[in-house]
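Undergrad: Would you mind keeping the following structure in view while I ask a few things?
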Amino acid sequence: MTGTTTSGATAGTANGRTAATTSGATAGSGATAGSAGGATTTQIFLASTPYGTATLAAAIDSGSFPPADRRILLASNNATTPETTPALTESPVLDRLRTRFDDVLDWNATIAPMHPGGWTPRADDVPLWERQLRREWGIAADERLSLVLESLQVAPAQAVAQLFPDAPIDVYADGLMSYGPTRNKLDPLVGGRVRRLLHLDLVPGLRPLLLREFGVEPELVPTESFLKVLAELTEDAGDAGDLAEPSEQPALLLGQYLSALSILTPEEEEELHVRMLRGAVARGHRRVVFKPHPSAPARWSHLLEREAEALGAQLTVFDAPLLAEVLFRRLRPALVVGCFSTALFTAHALYGIPVARVGTEVLLERLTPYENSNRIPVTLADALLPDLEGAGDGVLPETDPAPLVAAVGYAMQPQILASRRADAEEYLRERYLRERFARRYFKRRRLTALGLPGGLPRRLAFVPRNPTVRRLARHARKVLH
């Protein structure tokens with residue numbers, strides 16, 4: 001167990017505690033209010049992305065958390081190879097937002113050489129770890145502690161929750177995954193401590209399914225507070241201003257690096273970006289800005305540059321470490337194009353910018369297993385956002401995506417969302433059996449296994465798994481073709 005890196009505060013020596021004396025941090029945490037009742041209170045906020053950190057800042061600014069004597073931001077770098085990926089502690093976003101916190105601690109340094117995404121403590125070691133962390137972080141044994149975590153069903157959030165078994169938990173959503181079900185069954189000793197789920201209103205009116213099995217109620221982070229945080233970040237985005245030309249608003253293309261998730265091959269992802277460019281130009285946009293994923297290889301940008309030259313378009317590759325949402329404010333793009341990026345929904349719901357998606361139909365087929373946590377984000381993008389290359393045929397006729405999300409969510413996690421079976425059956429009877437478009441969100445094999453409408457009758461359920469039948473079917477296809 002190694003020591004953590006503390007920054008953004010002045011160290012004190014009283015009882016080994018780190019004293020938070022930064023003026024901006026003290027003002028943000030309401031330092032004296034928490035100690036009025038006698039016991040000291042500390043809040044630990046775990047963040048691994050700039051977007052999540054901005055969400056936390058907005059929640060703090062809006063008063064979503066009670067006053068505390070001390071607020072700690074625990075930064076984690078969950079990249080596959082953290083050593084070669086810029087850490088959150090090095091992000092310009094954190095430079096601007098750190099005044100909301102009294103201390104910034106490095107989770108990677110705390111558990112080195114273990115990886116944050118793959119390590120959780122052994123049960124017998126939890127008391128040892130808790131005592132050690134309280135000592136290193138200056139948290140007294142009798143101090144009131146609360147946790148604010150992301151992605152509770154996996155490490156590092158799950159690890160932090162286990163290390164402080166008596167602390168109440170708030171969960172906040174870092175993107176669209178919270179609209180889907182909990183990824184796997186949580187230990188009741190962890191899930192039962194969750195008080196609420198904080199999330200942005202990215203799909204207006206849609207209530208998240210995450211942690212619903214524990215009766216956790218969602219709570220909105222005010223849009224106004226989040227927009228104010230983004231405006232604050234925009235003040236430091238001087239380089240982005242060079243891209244803006246009042247005479248012509250550009251189309252903004254968002255890369256996601258899906259090949260790193262083994263959903264697409266690198267060649268397929270390159271082609272996906274080319275499709276974005278071609279689609280934007282076909283819609284009349286001659287100025288295009290491409291924002292690649294920070295970990296994407298540079299050669300992808302070179303391919304786009306050659307394609308833009310062939311199409312007669314002006315392409316600018318913007319690879320500075322800024323949130324896409326900051327570019328929305330600085331560029332005011334005429335169109336934002338992506339696959340299923342959370343930024344598409346931020347652009348549409350929070351800024352009113354036209355958006356379009358491309359490639360979602362392939363991802364719906366490729367995502368494995370069916371309960372892959374990206375399924376709900378892809379489903380929402382495919383169902384609610386217009387197709388860049390089509391005529392809007394991918395948009396559901398109704399504006400309420402809740403029935404679709406409930407049906408897909410139940411098919412993903414039928415044990416966790418057992419109470420949603422009737423909703424899933426109703427949707428499948430009304431939509432899946434009548435509309436070809438609705439069938440893209442479900443696998444017949446999955447429906448058959450769950451005994452849902454649209455699956456094979458139970459007496460024929462053995463057919464897809466019968467090797468003889470499958471061999472005959474392959475032979476028949478060869479003969480017919």
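Undergrad: Which one of these does Leu323 not meet: (1) in contact with a Phe, Trp or Tyr (Cβ under 7 Å, 6 or more places away or on another chain); (2) surrounded by fewer than 20 Cβ atoms within 10 Å (Cβ to Cβ)?
TA: Condition not satisfied by Leu323: (2).
Undergrad: Suppose the filter is β-branched (Val, Ile, Thr) and touching a helix residue (DSSP H, G or I) at 6+ places or on another chain (Cβ under 6 Å); does Thr99 pass it?
TA: yes
Undergrad: How about segment 54-86: which of its residues are in contact with a Lys or Arg (Cβ under 9 Å, 6 or more places away or on another chain) and of a type in the set (Val, Ile, Thr)?
TA: Passing the criteria: only Ile60.
Undergrad: Write out, first by first residue and then by second, each pair whose Cβ atoms fall under 9 Å of each other, whose residues are 6+ apart or on separate chains, and whose first residue, in segment 53-69, is outside the structural domain of Thr42 (by TED's automatic domain parsing) and without any contact (Cβ under 8 Å) to a residue 12 or more places away in the chain while the second is among the hydrophobic types (A, V, I, L, M, F, W, C) and not in a helix (DSSP H, G or I).
TA: Here the result reads none, with nothing in segment 53-69 linked to a residue that is among the hydrophobic types (A, V, I, L, M, F, W, C) and not in a helix (DSSP H, G or I).
Undergrad: Give me the helices (runs of 4 or more DSSP H) completely within segment 259-348, filtered to those with at least 2 residues that are without any contact (Cβ under 8 Å) to a residue 60 or more places away in the chain, ordered by residue number.
TA: Fully inside segment 259-348 and qualifying: 266-282, 298-311.
Undergrad: I would also like to ask the following. Given the structure, is Leu364 touching a Lys or Arg at 6+ places or on another chain (Cβ under 7 Å), at pLDDT 95 or above and assigned to a helix (DSSP H, G or I)?
TA: yes
Undergrad: Can you name the residue in segment 222-266 that is of a type in the set (Val, Ile, Thr) and modelled with pLDDT of 95 or more and is also nearest to Gly205 (Cα to Cα) among such residues?
TA: Result: Thr223.
Undergrad: Test Ala347 against the criterion of being within 20 Å of Tyr179 (Cα to Cα) and either crowded, with 17+ Cβ neighbours inside 10 Å or assigned by TED's automatic domain parsing to the domain that holds Asp201 (or both), and give yes or no.
TA: yes
Undergrad: If we keep just the residues of segment 350-374 that are of a type in the set (Gly, Ala, Ser) and surrounded by 17 or more Cβ atoms within 10 Å (Cβ to Cβ), which is nearest to Leu264 (Cα to Cα)?
TA: Going through the qualifying residues, I end up with Gly359.
Undergrad: Let me ask something else about it. So if I check each of Ala424, Ala381, which one is within 23 Å of the chain's Cα centre (by Cα), buried (at least 18 other Cβ atoms within 10 Å of the Cβ) and aliphatic (A, V, I, L, M)?
TA: Ala381
Undergrad: Name the single residue, out of those in segment 101-110 being in a helix (DSSP H, G or I) and in contact with a Gly (Cβ under 9 Å, 6 or more places away or on another chain), that is surrounded by the fewest Cβ atoms within 10 Å (Cβ to Cβ).
TA: Among them, the one singled out is Ala109.
Undergrad: What pairs can you find where one residue is in segment 84-102 and in the same structural domain as Leu56 (by TED's automatic domain parsing), the other is of a type in the set (Asp, Glu) and modelled with pLDDT of 90 or more, and their Cβ atoms are less than 7 Å apart, with a gap of 6+ or different chains?
TA: Every condition considered, the pairs that remain are Thr89/Asp106; Arg96/Glu232.
Undergrad: Six or more apart or on different chains, Cβ under 6 Å: which pairs go from a residue in segment 178-190 that's free of Cβ contacts under 8 Å to residues at least 60 places away in the same chain to one that's assigned to a helix (DSSP H, G or I)? Could you list them?
TA: Sorted first by the residue in segment 178-190, then by its partner, the pairs are Val190/Ala161.
The values are calculated or read from the model by the stated rules, or taken from the named source; none is laboratory data. Predicted model, so just to flag it, every value in this text is computed and none were measured. FYI the Cβ positions are ideal-geometry reconstructions off the backbone, even for glycines, and counts take in every protein chain you see.
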